[in-house]
Amino acid sequence: MSQTDSFIEEVTEEVQRDRLFALIKKWGWVAIAAVLLIVGGATYNEYRKAALKSEAESFGDVLLAGIDVNDAGATLAEVPTANPLQAAIVGHLAAADALAGDNVELGVAELGKVIETQGAPAVYTELAELKRALALSPDTPLAERRTAFEALATPGSTFQSLAEEQLALIAAQEGDTAQAITILQGVLDGANITPGLQRRASELIVALGGELEDAQ
């Protein structure tokens, strides 16, 4: 390599270094900011995970303490909640405790709160509607009970089959055994029927004088 070529190469390298340093000086803060954002984001995510875990543990501890208190759901009904899911869980537990303790008024009220909770998972609100209908007093007119379960027996509803079972029982109470058997036949033909419900529906058909083979 000639001295001229060597000199040109050195100058070129020097120019390239100068350009690189200039770029770093001008845009280096972008790279630094990107690194800080990545590190900061990772730190925040870990903090958030820890906070959520702590919140869930604290919520669980309060629930367990409320369950241990034998006051028919009164303590559970006062458990503070931080989001719709927690509110739905508290409402269901308080309602179950209240109904088990014969405090029907509080139980129904807590189920009503779950139903009205904005943002609660649909399965929780639908289950609350079913439980509230089941908690209706035996003295409740059959027409009112039927209306409550008909609202839950719509096609595609999570608890459609269970609601239809109750409608069959109401029809049987009214003396309309043919209608009751027809409803139970539909229950047995359902795609998502559970073994327990299948057994109850079959037994009820037989008890009402229907043919079990007709329900298969």
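What follows draws every value from the coordinates through simple rules; no lab data is involved. For clarity, every value in this text was computed on a predicted model and none was experimentally measured. Neighbour counts run over all protein chains shown; Cβ positions are idealised from the backbone, glycine included.
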Quick shape check on the range 69-135: root eigenvalues a ≥ b ≥ c of the Cα gyration tensor, a/c under 1.5 is rounded, otherwise prolate if a/b tops b/c, else oblate, and it reads oblate
Per-pair calculated FRET efficiency, R0 = 25 Å: E150 and A74 via Cβ, rounded to 0.05
0.15
Just in the range 97-195: which chymotrypsin sites (Phe, Trp or Tyr not before Pro) are loop by DSSP and have at most 10 other Cβ atoms within 10 Å?
none
If I take R0 = 30 Å and measure r between the Cβ atoms of L208 and T158 in this structure, what FRET efficiency does the formula 1/(1 + (r/R0)^6) give, to the nearest 0.05?
0.65
Work out, step by step, the length gained on full extension between E105 and L142: first 0.36 nm times the residue separation, then minus their alpha carbon distance; give nm to one decimal.
11.4 nm
Hydrodynamic calc, the range 142-216: Kirkwood Rh from Cα pairs, then Stokes-Einstein at 37 °C with viscosity 0.692 mPa s, so D in µm² s⁻¹ is 271 µm²/s
In the range 135-216, the trypsin sites (Lys or Arg not before Pro) that sit in a DSSP loop and have at most 10 other Cβ atoms within 10 Å of their own Cβ are none
Given an 8 Å cut-off on Cα distances and at least 6 residues of separation, report the relative contact order of the range 83-216 as a percent.
14 percent
Gain on full stretching of the segment that runs from R200 to V123 - 0.36 nm per residue minus C-alpha separation
25.4 nm
Kindly write out, for the range 178-193 in residue order, the coupling ³J(HN,Hα) from the Karplus curve 6.51 cos²θ - 1.76 cosθ + 1.60 (θ = phi - 60°), rounded to whole Hz, with x marking Gly and Pro.
4, 5, 4, 5, 4, 5, 5, 4, x, 4, 5, 7, x, 6, 10, 5
I want to check the label-to-label distance for E174 and A82. Put each point 7 Å from Cα in the C-beta direction and report it in nm to one decimal.
4.9 nm
S58 versus T182, label points 7 Å from Cα toward the beta carbon: distance in nm?
5.7 nm
